[in-house]
1. Counting alpha carbon pairs within less than 8 Å and at least 6 residues apart, what relative contact order, in whole percent, applies to the chain?
2. Given a Förster distance of 41 Å, report the FRET efficiency between residue 60 and residue 109 from their Cβ-Cβ distance, rounded to the nearest 0.05.
3. Test of understanding: ordering 7, 55 by Cβ neighbours within 10 Å, fewest first, what list do you get?
4. Show me 99-105, 115-121, 45-51 ranked by packing, highest mean number of other Cβ atoms within 10 Å first.
5. In nm, what is the difference between 0.36 nm times the number of residues separating residue 24 and residue 117 and their Cα-Cα distance?
6. Which log10 I(q)/I(0) values, to two decimals, does the stretch 32-112 give at q = 0.13, 0.15, 0.18, 0.23 Å⁻¹ under the Debye formula with one point per Cα?
7. Which order do 75, 23, 88 fall in if you start with the one that has the fewest other Cβ atoms within 10 Å?
8. Would you calculate a helix-derived [θ] at 222 nm for the chain, using -39,500 (n - 2.57) for each DSSP H run of n ≥ 4 and dividing by the full residue count, to the nearest 500?
């Protein structure tokens, strides 16, 4: 059964890019959110195998959303997607419970390498 992914990013372009990468690699995109509040609600509803999480978003940051998701499910796998120069935020995200991170701009093979690593494949 394909792994289910929740894609969280406030930029439609990034969500589309990630959706294309995951779909081409045989993942199921279970849902998409464009802010941290939606991310937590969709995680609760969909229980995906993996969440890709932007850090800077409206209403609730990716760090706060990650913290809530990990409280809901300590085994949740959250991979942060951050722009270059956000290293301190990435460290904060890891402390909040993120499993790993991907730096934007990224290539599809980089995303899949990190995802396979965190999913133990």
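1. Working: 211 pairs, mean separation 26.7, N = 121.
Relative contact order here is 22 percent.
2. Working: r = 31 Å, r/R0 = 0.74.
That gives a FRET efficiency of 0.85.
3. Details: 7 28, 55 23.
In increasing order of surrounding Cβ atoms, one gets 55, 7.
4. Working: 99-105: 16.6, 115-121: 13.0, 45-51: 18.3.
Descending packing order for the listed peptides: 45-51, 99-105, 115-121.
5. Numbers: separation 93, 0.36 × 93 = 33.48 nm, distance 1.78 nm.
Full extension of this stretch gives 31.7 nm more.
6. Result of the Debye calculation: -0.34, -0.45, -0.66, -1.08.
7. Values: 75 5, 23 13, 88 8.
Ascending Cβ contact count within 10 Å gives the list 75, 88, 23.
8. Numbers: 5 runs with 56 residues, N = 121.
Per the formula, -14000 deg cm²/dmol.
Here, each number is a calculation from the coordinates, and none is a lab measurement. Quantities reported herein were computed from a predicted structural model and do not represent experimental measurements. Methodologically, a virtual Cβ is constructed for each residue, glycine included, from the backbone with ideal geometry; neighbour enumeration extends over all protein chains shown.
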